[in-house]
Amino acid sequence: MRYFGLMVSIMIAWFLSSIEVKGQSFISFPIDSKKENLTLGDEMKWQSKVQILKEEGADLIVELSVKEIPEDVQIRLCFSGFECKTFIRDIGKLYFRFPKQGVYPLEIRCSSPKKTAEVNFDLNLLDARFPNSVVEKKSFSAFFEAPEKAGNLFRNHQLSISKLYPNPASQRIFFDYSCSSKKINAKVVIYDLLGNVISEHSIDPNANRLNISLSNLRSGIYFYQLHIDNKPVASRRFAKNS
């Protein structure tokens, strides 16, 4: 009887531990998934974390549920310490093996469509042991739109270039231009309010748009200046928002 009682106790303990562990091998931290308005060319990024509670690690399935996504848009998941993985539209699931207990930073990336469009999707987090049971669900939404074209910044027989847009800007700024000479030596220089050079960007005569990232700039007022043959010919200011 003792042996039988011991076995029953072990079975009950195992059953209770299974119930306790189910759905708790990982938890996701809150994530800001509010709708965002972006300019075409920007990549939307949401930050989050996943915590693995089991000492031996866990297997995680992330399931993509598409609501409204243009075919040219990609959704990627990037866990710290892992290679980024891209969802394949027809499959819609990504598998991650976390080898040990801990907190894993997560970045969800949404590429920009080629034309104005709205992106809506859900991500479902599942424990691989219970693939039919959703542990947590998050909804994401972003609206990408083409920026309004600006007026001309400068024009001569070699180069015609627009003012930057958008202004104010948050992540990127753009210049549209056309070159009649392939030998033109032109660049855009960005300055802070004290006149210090922040960055320089050469104009490629074989292209027609200059795309500059503002990810390293703090919010504030900056100036930009067009140089041709190392001489300033036009300048304006712009605002960087957070």
Give me the residue from the stretch 172-211 that is in a strand (DSSP E or B) and β-branched (Val, Ile, Thr) and, out of that set, surrounded by the fewest Cβ atoms within 10 Å (Cβ to Cβ). Val197
Top-ranked residue of the stretch 75-94 - restricted to ones that are touching a strand residue (DSSP E or B) at 6+ places or on another chain (Cβ under 6 Å) and among the aliphatic types (A, V, I, L, M), ranked as surrounded by the most Cβ atoms within 10 Å (Cβ to Cβ): Ile75
Given the conditions (1) under 21 Å from Pro70 (Cβ atoms); (2) modelled with pLDDT of 85 or more; (3) charged (D, E, K, R), report the number of the one that Glu145 does not fulfil. (2)
Output the number of residues of the stretch 130-171 satisfying the condition of being surrounded by 13 or more Cβ atoms within 10 Å (Cβ to Cβ) and closer than 22 Å to Ser235 by Cα. 18
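Table: residues versus (1) within 17 Å of the chain's Cα centre (by Cα); (2) of a type in the set (A, V, I, L, M, F, W, C); (3) more than 24 Å from Leu210 (Cβ to Cβ).
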{"position": "Arg89", "(1), (2), (3)": "no, no, yes"}
{"position": "Leu94", "(1), (2), (3)": "no, yes, yes"}
{"position": "Phe121", "(1), (2), (3)": "yes, yes, yes"}
{"position": "Arg172", "(1), (2), (3)": "yes, no, no"}
Could you grab the pairs with beta carbons closer than 6 Å, sequence gap of 6+ or different chains, first residue in the stretch 151-166 and modelled with pLDDT of 90 or more, second one aromatic (Phe, Trp, Tyr) and assigned to a strand (DSSP E or B)? Ile161/Phe154; Ile161/Phe175; Ile161/Tyr177; Ser162/Phe175; Leu164/Phe175; Leu164/Phe238
Condition first: closer than 17 Å to Lys138 by Cα and in contact with a Phe, Trp or Tyr (Cβ under 8 Å, 6 or more places away or on another chain). Now tell me which residues in the stretch 78-92 satisfy that. Phe79
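What are the residues in the stretch 53-80 that are assigned to a loop (DSSP other than H, G, I, E, B) and in contact (Cβ under 8 Å) with a residue 24 or more places away in the chain, if any?
Passing the criteria: Leu53, Lys54, Glu55, Glu56, Gly57, Ile69, Pro70, Asp72, Val73, Gln74, Ser80.
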Just the residues that are within 13 Å of Leu60 (Cα to Cα) and of a type in the set (D, E, K, R), please, taken from the stretch 86-123. Lys93, Arg97, Lys100
State whether the residues of the stretch 227-235 include one that is under 17 Å from Lys163 (Cα atoms) and basic (Lys, Arg). no
The lone exception for Pro232 - which of (1) in a strand (DSSP E or B); (2) surrounded by 11 or more Cβ atoms within 10 Å (Cβ to Cβ) it fails: (2)
Here the qualifying pairs (Cβ atoms under 8 Å; residues six or more apart or on different chains; first in the stretch 88-102 and part of a loop (DSSP other than H, G, I, E, B); second among the polar types (S, T, N, Q) and modelled with pLDDT under 90) come out as Gly92/Ser65
Residues within the stretch 112-130 that are in contact with a strand residue (DSSP E or B) (Cβ under 6 Å, 6 or more places away or on another chain) and not in a strand (DSSP E or B), tallied: 4
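The values are calculated or read from the model by the stated rules, or taken from the named source; none is laboratory data. Fair warning: this is a prediction, and the values are worked out from it, not measured in the lab. Cβ sites come from the backbone with ideal geometry, for glycine too, and all protein chains shown count toward neighbours.
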